[in-house]
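**Q** This is the structure, below, for whatever I ask next.
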Amino acid sequence: MFAKCFDPTGARHGLPTYPWRYAPDGLATRRQLRARGLRPGGQSIAAQIMRPRYRRGPLVAYLYRVDRAKPVRPMTPDKWAALAKANRARRTCPACRQDAGYVIPTSLGMCVPCAYPEEQRAV
């Protein structure tokens, strides 16, 4: 399995490919960059890490160069307001128009009391 995921020249996969947890220093995933307060900043993918799985395709994560990464843009007051508005919309039940106090499940499409009114009356 290790050999299938090790292609540092990129001859087989088109990109330099490393096994899971064996990426060279200086490369990081998007999440790793974000944890450091960085973002890819428009740079192209430098390499990939691959983790084989049984009965399914491999997991692939793209790697970016840390030295070319840029700092994360700070949140402006307008962005904070837009984010609060979006989260409020996700908590508002379309049936009763009340804030449920939690994100409405997409499987129900409404808050739990509106989705199961007979169970609420029994309690």
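The values are calculated or read from the model by the stated rules, or taken from the named source; none is laboratory data. Keep in mind that this is a model prediction, so the values were computed, not measured. A quick note on method: Cβ atoms are made from the backbone with ideal geometry, for glycine too, and the neighbour counts reach across all protein chains shown. When the accessible area is computed, the model is the full protein with side chains, heavy atoms only, and any ligands, DNA or RNA have been set aside. Shrake-Rupley method; radii C 1.70, N 1.55, O 1.52, S 1.80 Å.
**Q** Here's a check for you: in region 61-92, which residue that is of a type in the set (Gly, Ala, Ser) and closer than 25 Å to Ala46 by Cα is surrounded by the most Cβ atoms within 10 Å (Cβ to Cβ)?
**A** Let us first name the residues in region 61-92 that are of a type in the set (Gly, Ala, Ser), namely 61, 69, 81-82, 84, 86, 89.
Next, only the ones that are closer than 25 Å to Ala46 by Cα stay: 61, 69.
Details: Ala61: 16, Ala69: 20.
Taking the candidates together, the pick is Ala69.
**Q** Take region 66-94 and flag every residue that is assigned to a strand (DSSP E or B) and under 20 Å from the mean Cα position of the chain (by Cα). Please lay out each step first, then the result.
**A** Our first condition is that a residue be assigned to a strand (DSSP E or B); within region 66-94, this holds for 70-71, 92.
Within region 66-94, Lys70, Pro71 meet the criteria.
**Q** Answer yes or no as to whether Leu63 is within 30 Å of Ala3 (Cβ to Cβ), of a type outside the set (Ser, Thr, Tyr), part of a strand (DSSP E or B) and without any contact (Cβ under 8 Å) to a residue 40 or more places away in the chain. Let's see the steps before the verdict.
**A** Numbers: within 30 Å of Ala3 (Cβ to Cβ): yes; of a type outside the set (Ser, Thr, Tyr): yes; part of a strand (DSSP E or B): yes; without any contact (Cβ under 8 Å) to a residue 40 or more places away in the chain: no.
No.
**Q** Just give me the residues in region 15-43 being open to solvent by 60 Å² or more (accessible area, probe 1.4 Å) and either over 13 Å from Tyr64 (Cβ atoms) or of a type outside the set (S, T, N, Q) (or both), in sequence order. It would help to see each step written out before you state the result.
**A** Just the residues of region 15-43 that are open to solvent by 60 Å² or more (accessible area, probe 1.4 Å), to begin with: 20-22, 25, 30-32, 34-36, 39, 42.
Once the filter is applied, which keeps residues that are open to solvent by 60 Å² or more (accessible area, probe 1.4 Å) and either over 13 Å from Tyr64 (Cβ atoms) or of a type outside the set (S, T, N, Q) (or both), region 15-43 yields Trp20, Arg21, Tyr22, Asp25, Arg30, Arg31, Arg34, Ala35, Arg36, Arg39, Gly42.
**Q** Let me ask something additional. Within region 44-60, which residues are open to solvent by 80 Å² or more (accessible area, probe 1.4 Å), within 20 Å of Pro24 (Cα to Cα) and outside any strand (DSSP E or B)?
**A** Within region 44-60, just Ser44 meets the criteria.
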